Amino acid sequence: MNIGTSIATCMGKYATFSGRASRSEYWWFYLFNLLMTWGSIIVAASMFGIGNPSGDIFSNLISLIFLLPTLAVGSRTLLAIGKSGWWQLLIFTLIGIIPLIIWLASDTKAEGDKFDT
């Protein structure tokens, strides 16, 4: 899967938390999300100046737009390796980030896992 296909798939399944997603779909969309966030910060800084609250609103809006599809593709990727999508909550703990990254970088398992819907 390439970056264009990943963006189209993830935005097409904007809030679909069921099903499966490959790790390439997740990581390409994550890269796109990261580049969009950085781009919005740069554009906001050039338009409004560094540290202006108006620029912060612009970059936060872009991040908010991509929050739900990022959570959805993360959930589908975890489902593809046999984990529940709720494991994404580990991101809120410092130590939980490590296993989450390892799981998201793992190969997908065969169809028919217990969390696959």
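Computed from the coordinates by the stated procedures, all read-outs in this text should not be read as laboratory data. Predicted, not measured: the structure shown is a model, and the values here were computed from it. Neighbour counts run over all protein chains shown; Cβ positions are idealised from the backbone, glycine included.
Some values worked out for this structure:
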read-out: Candidates 22, 54, 63: whichever shows maximal mean-square fluctuation once the chain is modelled as a Gaussian network with Cα springs under 10 Å; value: 54
read-out: Rule-of-thumb Rg ratio for segment 44-107 [Cα; 2.2 N^0.38 Å; N residues]; value: 1.48
read-out: Unit charges on C-beta of K, R, D, E only; dipole of the chain, Debye; value: 160 debye
read-out: Tail weight of P(r) past 17 Å, computed on alpha-carbon pairs of the chain, percent; value: 59 percent
read-out: CD proxy at 222 nm, helix term only [per DSSP H run n ≥ 4: -39500 (n - 2.57); per residue of the chain; nearest 500]; value: -19500 deg cm²/dmol
read-out: Lys/Arg +1, Asp/Glu -1 at C-beta; the chain dipole; positive extreme among 32, 84, 6; value: 84
read-out: Dipole of the chain, positive end: most advanced residue of 68, 99, 53 [Cβ charges, Cα centre]; value: 99
read-out: Normalised contact order of the chain, rounded percent, pairs of Cα under 8 Å and 6 or more residues apart; value: 31 percent
